[in-house]
Amino acid sequence: MLTAVVGINWGDEGKGRIVDLLSEDQDVVVRYQGGNNAGHTVINEKGEFILNLLPSGILRENVVCVMGNGMAIDLQHLHNEIERLREKGIHIGPDNLKISDRAVVTMPYHVDLDCYEEERLGKNSYGSTRRGIAPVYSDKYAKKAIRTGDLLHEKYLQKVLPDILAYKNLIIEKAYNKPGAKLEAAMEYLHMYGEEFQEYICDTGAYLYEADKAGKRIMFEAQLGALRDIDYGIYPFTSSSNTIAAYAPIGAGVPGLKLDTVVGIMKAYSTCVGAGPFTVEMDGEEAQALRTAGGEFGAATGRPRRVGAFDVVASKYGILAQGSDKLALTKLDVLSYMKKIPVCVAYSYNGELIRNFPVGEALDLAQPVFEYLDGWCEDISSCRSFGELPENAKKYIEYIEEKVEQKMWLISVGAKRDAYFMR
Ligand code: GDP
Ligand code: MG
């Protein structure tokens, strides 16, 4: 049984929270793309955790976690993240964490290059999280990356690393006028983490095919949302990998397997981190109120998130891109303070109404068209069934269901594990 849990919007929909919840009856949880540029906050009986690289299933004793070949792994960050969890009593070892030998390694010079490029762009910067993600994925496609499996073969590293660094230093020294990466330091770095992680690094594809054959339940966890997918998102303000569910088997290591279920996580309003078009963006006091109510500050970076109304146009597109057959609506409780709740039902562009999510300049210039629903103005965080909700909260859900043409499956009304109900 293969289930993907993915984001319908711009990310930060609460995927970590939902994976933590749904992994109760899973055997394996796999991250299939991205690096430590995103953050998932999970709050359960063990405490509050922020996960950047590790799959959110790591908090469950019954679950084996896999970091797939589609990921970009910053080994130093991984080391620190594991240490932080161990301090809170979470067991992490080669028995419950497997790292693909085909994932690319985010090197310190990738992080530097990310910063240099954002600095060069100045006010036109992408709002990168500066975790080296675009540089390392660029190197993957330029075939200049080091893969985790290479760490186990020091002779091979000694052979390829000088050429890779010579190439990187052409850019670092000649294009950016910065000090180049040093061979000895890079070798030492890889040697040190190679030793630390040698027992974790393996052919995770082979492991997953076996697990599937044995009837295990496997969950694929996305980082970021559909609108950040490199191919289908708001390019170039996307991430540098494929966040969509269709990529999950590829980035996990089992391209020959088909997903049984795709759970799309959709937020009851919109948030967006970094630069780029965000049609429904609120500003001033209205934005401040929603940001505060939702605690919308980046888990990875602490940056205030841009906030806005629920966006039907973008969400319908996200649902289509994800092919989600189940929808989970998160953070409905956050809207409890609003007297009138705006919902963006269409865009207007060049005097025309558009309902299909546009690209490029049309998206940049599109204006939101809002409808307003009455708020419920009471705390709903202890509701544990649809029937317990105030009438206007029920109407809000039904309205969104009608607009996106899909029923909700699960509704989340709080960050804690049990703050949800099935529709
Ligand atoms: P992810 O990147 O998709 O995993 O989401 P993040 O963890 O970055 O952001 C979601 C935030 O909302 C986290 O701080 C969660 O603890 C919190 N959260 C998740 N679901 C709910 C919910 O239903 N209600 C409230 N109030 N908070 C939620
Ligand atoms: Mg997040």
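Quick notes on this one:
- Between LEU121, LEU113, LEU78, the distinction of being in contact with a Leu (Cβ under 7 Å, 6 or more places away or on another chain) and outside any loop (DSSP other than H, G, I, E, B) belongs to LEU78 only.
- Annotation: of all residues in segment 19-40 being more than 11 Å from the chain's Cα centre (by Cα) and surrounded by fewer than 24 Cβ atoms within 10 Å (Cβ to Cβ), the one that is farthest from ALA419 (Cα to Cα) is ASP27.
- The listed residue being part of a helix (DSSP H, G or I), over 30 Å from LYS258 (Cα atoms) and not polar (S, T, N, Q), out of LYS394, LYS403: LYS394
- Matching residues in segment 217-267 - criterion: being assigned to a helix (DSSP H, G or I), crowded, with 24+ Cβ neighbours inside 10 Å, away from ligand 1 (no atom under 15 Å from the Cβ) and among the hydrophobic types (A, V, I, L, M, F, W, C): ALA248, ALA252
- Test: residue in segment 8-29 that is over 22 Å from PRO249 (Cβ atoms), without any contact (Cβ under 8 Å) to a residue 12 or more places away in the chain, near ligand 1 (Cβ under 10 Å from one of its atoms) and not small (Gly, Ala, Ser): no
- Enumeration of residues in segment 299-338 that are within 16 Å of ligand 2 (Cβ to nearest atom), modelled with pLDDT of 95 or more, outside any helix (DSSP H, G or I) and among the small types (Gly, Ala, Ser): ALA328
- Condition met for SER125 (closer than 23 Å to ALA252 by Cα and either surrounded by fewer than 15 Cβ atoms within 10 Å (Cβ to Cβ) or modelled with pLDDT of 95 or more (or both)): no
- In segment 45-64, the residues that are outside any helix (DSSP H, G or I) and either of a type in the set (A, V, I, L, M) or buried (at least 24 other Cβ atoms within 10 Å of the Cβ) (or both): ILE50, LEU51, LEU53, LEU54, PRO55, VAL63, VAL64
- Residues that are of a type in the set (Gly, Ala, Ser), surrounded by fewer than 18 Cβ atoms within 10 Å (Cβ to Cβ) and not in a loop (DSSP other than H, G, I, E, B), drawn from segment 268-294: GLY284, ALA287, ALA289, ALA293
The values are calculated or read from the model by the stated rules, or taken from the named source; none is laboratory data. Computed from a predicted model, the values in this text were never measured in an experiment. When we count neighbours, we look across all protein chains shown, and the Cβ atoms used for this are built from the backbone with ideal geometry, even at glycine.
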